[in-house]
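Every number in this text was worked out from the coordinates using simple rules, so none of it is lab data. Because the structure is a prediction, the values reported are computed rather than measured. Cβ coordinates were reconstructed from backbone atoms using ideal geometry, including for glycine residues, and neighbour counts include every protein chain displayed.
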Amino acid sequence: MNRLSTLVKSSSSDLLVLLGVVAILSILPVALNPFLLSVATGVLIFALAAIGWNVLSGFAGQFSFGHAAFFGLGAYTVAILLTKYSVSPWLGLVVGGLVGAAFGLVVGWVSFRFGLKGAYFALATFAVAEMLRITFNNLDYLGAGIGITIPLVYGDDWVRMQFSNTREIHYWLILGLLAVAVVATIAIKRSRIGSYMFAVREDEDAAAALGINPLKTKLVAMSISGFITAVAGGYFTLFFLFIDPDVVFGAVVSVAILLRPIVGGMGTIWGPVIGAAVLSLLGELTRSLVRDPPAFLSFIEGANGLDQVLFGLILVVMIIRAPDGILGWFRRRRKQAQT
Amino acid sequence: MTTILNVDDVSKSFGGLKAVREVGFDLHEGEILGFIGPNGAGKTTLFNIVAGAIPADSGFVTFDGQRTEAMRPHEIARLGLVRTFQVVKPFSGLTVHENVLVGAFLNRRDPTEANARSREMMRITGLTPYADRAAQGLTLAIRKRLELARALATDPKVLLLDEVLAGLTPTEGAEMIEVVRSIRDGGVSMLIIEHVMAAIMALSDRIAVIHHGEMLAIGKPAEIVKDPRVVEAYLGEEFQIAPD
Amino acid sequence: MGRKLTSDTTVNETTQGRSRAWVWTVLAIVAFVLGIFLVQSGWWDSNHSVFAQAVVSGLLIGGVYGLVAMGLSLVFGVLDIINFAHGALMTIGIYASYLLFQEYGVDPYISLLITVPLLFVVGMGIQHFAINPVMTAPVHNQLLLTLGIAIMIENILLVVFTGTPRSIELPYARESFDLGFVTLDFPLKVFGAVVSMPKLIAFVMAIVLALVLYVLIQRTWLGSAIRASAQQPEGAELVGIDINRIYMITFGIGAAAAGAAGTLVMPFLFVSPTAGATFNIIAFVVVVLGGMGSVPGALVGGLIIGLTQEMSQIFVSGSSKFLSVFVVFILVLLFRPQGIFGKAHR
């Protein structure tokens, strides 16, 4: 209890922001139409996955290009436990998270033991995710390429986590999970392990000279990261009720997860959430622009892929102009204004 | 006098080059032992071995009753033997306070206590005004002090200081010497490598002279400057009483 | 090896050496036992044509992998940039020669004369306007930047050409050629394996282009300037090399290699906006395997990966050929991150 109260005291500003954000977001379902509410739920799921990525790559500095591995493992764990063993997703999410954490430990132990760093670690994680995608595509027990569909049930079923007004409840549940994850990262940032992650990110030799075990620190980061992202993946299954290997293990998923914190601000508490919000807003805007363009742009109507061109362009410009993300950009602007 | 650190017959070669040859010495509790010798004499290699950064080819290191020559750097640091780097390695992306906090966490888990420890260390080393500045972009003098404060925050029994004065102006150097003295007065034993002769003569209780990887002489500063082998090998050529 | 990565992968040399010898020994034993088993069990008699086909197909596609990887490797070795847009550049080459063939009837192999310079210019432009500003940025930002470029290129192609896969038929792919001493009857039969003409031409041209690139880098003034810029950027600048221009030209050459590879694979590939992306991933594997920055390494690595993917199909039926490629990739990353041609470093 004592540590909880110091956490509250020392990070009161972050927690206040969280309270405000959750308060605003929780009344959103009233304002949004069902389609946009689904979109918003997807945003929250990927924000959660991004928070997981941020712990490993933003906090501990080990850039992962394969977080789809965790996302997919979480998704499949929930799906298999539910469809084959009728295990409630409530338990499935926890088990999925643990599977993600365990997988993170194994992959992390092997790669860090062999001294993989920087781009090599990134490529290795990428390869691991791709291997899982290919493997799952070939395992009949796991539905192979066809994937797994969660059977629908009628009415409210809290054990199977399906509800008649499914959108609102799922939205609130994932919002709750997201809030928990944010609190967890705030706690990590304030605590010894967070401080150690930052130190390892900045300079492993200097960290070791201060008594930090770099391998252990990176493994802790990897397992926490794997846990959070796998839970997000598990929720993906619950919300979309269908998964296949390409959907949850694909390279696109890895990129979608890592883009959010980078756009928002890597290694910050709010970066993943801001990045998730901004990216989805941009995505929706460009998509609706192509779907229903203003008169002077009518020639782009229905041009499949144009939204992605715009997205790529924004990404390129952002990396050149605001390499440390939206939060970093604001911070720099403020510093410039001060001097 | 109790011996806190014993180095016994340590050797290290890189390829054909013998960087350290059969070096041995004791560090007593509360003592400052200074290492001098020309560039490339093997001082930093010796430090790296003691700190566990590179393994010795042969020989033993005993710290506080435990054999450490096979330990990893972080294990040795945890026992209370903490080093600074000749080329300072601040955590550039963190603030000064966050840097020191990393060290403070070694022996305390509670963030509040660690914070207090960090503030105290910054006060001792004169870093308080810089607490919330990013470590990146600080002057060399401040970064050297940061390196010291960070190591000190771990509550070390022994500090290894590798050229904490190098590159500092005389005024900055004098301030740093004061800081080092006050740390020693706080009961921390130290091994220091230094090129500024006046400083190391004034600071050290004893001085060890390393030349071509060998321990040429060890003794009180007054004895060392009179030792004919030392004068011939080292002091005779480049002895400077004033810092350069 | 690139500068940044060299310092990033400090592997203990002695344990590295030991584990390497260990791995090679185990691999040799496994191969030997497997060989005896296969011959003894009669598998060889009934499958040797399948085997021959795998070897031939693997080598043929491996040459192309080598060519794609060469450009990637060169860019990595000199600019220290991991280029995720390399496959997209290749796709530009694919569509350019496709368009030239369909609209103007230009022979795909003649269109090399257009696609190679085109991609060279495109590459220089990309380097100048997008890569140059991030030359000193962290690795992950460079990586994302090239990823952004890849997304743009792929989707521009999608907008212009739609996602419908297209393919062409070479008019002379099934003819016979009298070379004087021997008549080649396409599709060729070699030890029971079928060799299609476009694949054979792609292979031969890939080897030729690899030699040209090698000579360019090893024997010309430009090449020595490029090598100097890779090894000692500051030193290169001191002796009057305009390093930014070298970076631009090198990226241009890398893109041109991708473009050439695109043109060469176009006749036997389904043309689609993401056609090059698969090659990009394989090229990464090849580059790491061959040693980052090494042109001969890229070629040998390409052949090895080509063989690996085809051979694994025989032994593990039904599995995707890429699985084995990734397994090799992980093993190389772990045991020999400097690649087969890279020098071991501290």
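Sort B:Asp185, B:Asp9 so that the residue with the fewest other Cβ atoms within 10 Å of its own Cβ comes first and the one with the most comes last.
B:Asp185, B:Asp9
Quick check: Cα centre of the stretch A:193-224 to Cα centre of the stretch C:212-247, how many Å?
Here the two parts' Cα centres lie 39 Å apart.
So what is the calculated 222 nm ellipticity per residue for the protein assembly as shown, using -39500 (n - 2.57) for each DSSP H run with n of 4 or more, over all residues, to the nearest 500 deg cm²/dmol?
After summing the helix terms and dividing by residue count, I get -20500 deg cm²/dmol.
Using the alpha-carbon atoms, what tilt in degrees (0 to 90, nearest 10) does helix B:111-124 show relative to the longest principal axis of chain B?
Computed tilt is about 60 degrees.
Work from the charge dipole of chain A (Cβ charges, +1 for Lys and Arg, -1 for Asp and Glu, about the Cα centre) and give the residue of A:Gly92, A:Ile320, A:Ala31 farthest towards its positive end.
A:Ile320
Could you tell me the center-to-center distance, by alpha carbons, between the stretch B:81-108 and the stretch A:22-96 in angstrom?
The distance from the Cα centre of the stretch B:81-108 to that of the stretch A:22-96 comes to 35 Å.
Quote the charge dipole size of the protein assembly as shown about the Cα centre in Debye, to the nearest 20; the model charges only the Cβ of Lys and Arg (+1) and of Asp and Glu (-1).
Dipole size: approximately 1000 debye.
For B:Ser11, C:Ser167, what's the fewest-to-most ordering of other Cβ within 10 Å of each Cβ?
Ascending Cβ contact count within 10 Å gives the list C:Ser167, B:Ser11.
Computed over the Cα atoms of chain C, what is the ratio Rg over Rh, Rh following Kirkwood?
Ratio value, two decimals: 0.99.
Which of the listed residues, B:Thr139, B:Ser118, B:Ala153, is farthest toward the dipole's positive end in the stretch B:89-155, when Lys, Arg count +1 and Asp, Glu count -1 at the beta-carbon?
B:Thr139
Per the Kirkwood treatment, what hydrodynamic radius in Å, one decimal, follows for chain B from the mean inverse distance over all distinct Cα pairs? Walk me through the numbers before you get to the answer.
On the way: mean 1/r = 0.0547 Å⁻¹.
Computed over Cα pairs of chain B, the Kirkwood hydrodynamic radius comes out at 18.3 Å.
Quick check: from the Cα gyration tensor, does chain A come out rounded (a/c under 1.5), prolate or oblate?
It is rounded, given that a/c, with a ≥ b ≥ c, falls under 1.5.
Looking at chain C, do any whole DSSP H helices span at least 24 angstrom along their long axis by alpha carbon and average -0.5 or above on Kyte-Doolittle, and which?
Passing helices, by number: C:13-40, C:43-79, C:86-104, C:139-161, C:197-219, C:243-265, C:295-315.
Averaging over every viewing direction, what projected area does the convex hull of the Cα atoms of the stretch C:29-107 cover, in nm²? Provide the component values of the computation, followed by the final result.
Working: hull surface 36.4 nm².
Averaged projected hull area, Cα only: 9.1 nm².
Would you work out if the stretch C:119-226 is rounded, prolate or oblate? Take a ≥ b ≥ c from the square roots of the eigenvalues of the alpha-carbon gyration tensor; rounded if a/c is under 1.5, else prolate when a/b is larger than b/c, oblate otherwise.
Oblate is the answer for the stretch C:119-226, as a/c is 1.5 or above yet b/c matches or exceeds a/b.
Could you work out how far helix B:170-185 tilts from the main Cα principal axis of chain B, as a 0 to 90 degree angle to the nearest 10?
The answer is roughly 90 degrees.
Averaging sequence separations of C-alpha pairs under 8 Å and six or more residues apart, then dividing by the length of chain C, give the relative contact order as a whole percent. Provide the component values of the computation, followed by the final result.
Numbers: 549 pairs, mean separation 124.3, N = 346.
The normalised contact order for chain C reaches 36 percent.
Springs between alpha-carbon pairs under 10 angstrom, Gaussian network model over chain C: which of C:Ala228, C:Ala96, C:Ala206 fluctuates most?
It is C:Ala228.
How big is the Rg/Rh ratio for the stretch A:171-216, C-alpha atoms only, Rh by Kirkwood, two decimals?
Checking Rg against Rh, the ratio lands at 1.21.
For the pairs A:Lys84/A:Lys218; A:Lys117/A:Lys189; B:Lys157/B:Lys220, flag any whose C-alpha to C-alpha distance is greater than 27 Å.
A:Lys84/A:Lys218
Residue by residue through C:127-140, how many Cβ atoms from other chains fall within 10 Å of the Cβ on average? Working shown, then result.
On the way: counts 0, 0, 2, 4, 1, 1, 5, 4, 0, 0, 4, 6, 6, 13.
Whole-number average of other-chain Cβ neighbours for C:127-140 is 3.
Kindly state, as a whole number, the per residue volume in cubic angstrom of the convex hull around the alpha carbon atoms of the stretch B:150-189.
66 Å³
What do you get for Rg/Rh over the stretch A:62-169 if you use C-alpha atoms and the Kirkwood form of Rh?
Rg divided by Rh gives 1.07.
Please report, ordered by residue number, every helix of chain A (full DSSP H runs) that is 27 Å or longer along its axis going by C-alpha atoms and whose mean Kyte-Doolittle hydropathy reaches -0.5.
Span-like helices, by this rule, are A:34-53, A:89-113, A:118-138, A:166-190, A:214-240, A:271-291.
Only Cα pairs under 8 Å and at least 6 apart count here; give the relative contact order of the stretch A:18-247 as a rounded whole percent.
Relative contact order of the stretch A:18-247: 43 percent.
What ranking do B:Glu232, B:Glu31 get, fewest neighbouring Cβ atoms within 10 angstrom at the top?
By the 10 Å Cβ count, ascending, the order reads B:Glu232, B:Glu31.
Put +1 on the Cβ of every Lys and Arg and -1 on every Asp and Glu Cβ in the stretch B:1-78; which of B:Thr2, B:Leu46, B:Leu27 then has its Cα farthest towards the positive end of the dipole?
B:Leu46
What is the Å³ per residue value for the convex hull set by the Cα atoms of the protein assembly as shown?
In the protein assembly as shown, the Cα hull volume divided by residue count equals 217 Å³.
Is the shape of the stretch A:233-339 rounded, prolate or oblate, going by the alpha carbon gyration tensor and its root eigenvalues a ≥ b ≥ c, with a/c under 1.5 for rounded and a/b larger than b/c for prolate? Walk me through the numbers on the way to the answer.
Details: a/c = 2.42, a/b = 1.18, b/c = 2.06.
Note, shape of the stretch A:233-339 comes out oblate.
Out of all DSSP beta bridges with both ends in the protein assembly as shown, state the antiparallel percent to the nearest 5.
Around 65 percent antiparallel, to the nearest 5.
I want to verify a result. In a Gaussian network model of chain C, Cα cutoff 10 Å, which of these has the top mean-square fluctuation: C:Leu209, C:Leu238, C:Leu289?
Largest GNM mean-square fluctuation: C:Leu238.
Output the antiparallel fraction of DSSP beta bridges having both residues in chain B, as a percent to the nearest 5.
The answer is about 55 percent antiparallel.
Any chance you could list P(r) for the stretch B:89-155, counting all Cα-Cα pairs in 5 angstrom bins from zero, rounded to whole %?
4, 23, 35, 25, 12, 3, 0
Pairs of alpha-carbon atoms within less than 8 angstrom and 6+ residues apart define the contacts here; what relative contact order does the stretch B:89-155 have, in percent?
Relative contact order for the stretch B:89-155 comes out at 51 percent.
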